[in-house]
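What follows is a single structure, written as structure tokens, with notes after it.
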Amino acid sequence: MIGDASNLTCTEFQEQLSELIGTGEDISSHPHLQTCELCRALLADLETIAAAARELFPIAEPREDLWDGIIAAIENDPQSAKPEPGIGNLDDALSEGLSI
Ligand SMILES: [Zn+2]
């Protein structure tokens, strides 16, 4: 699909955005961004999220035993499947707060 890149709609641009990010090109010089404040703001948000994700998940490949450990923890803890006991305490706390 070849078109005038400066004449894209926001929808068309955003459909290409993930692909553009994947190429590693400098998207900020994209013609659509020169004319569209909305998509500039969107890109800024995405870059902030991507930077945060890199900090939170610096390891590309999760450890192989990670899921095994999570599954084992769930299976070995029957309480994790029963959230009910905490609800009564929450109701008590709420009604106490409301009665003040
Ligand atoms: Zn736009």
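The values are calculated or read from the model by the stated rules, or taken from the named source; none is laboratory data. Bear in mind that the values here come from a model prediction, so they are computed numbers and not experimental data. Note that we place each Cβ from the backbone using ideal geometry, even for glycine, and neighbour counts take in every protein chain shown.
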query = SER80 versus (1) exposed (fewer than 10 other Cβ atoms within 10 Å of the Cβ); (2) modelled with pLDDT under 75: which is the lone unmet condition?
reply = (1)
request  = Return the total of residues in the stretch 36-58 being more than 10 Å from PHE13 (Cβ to Cβ) and in a helix (DSSP H, G or I).
outcome  = 16
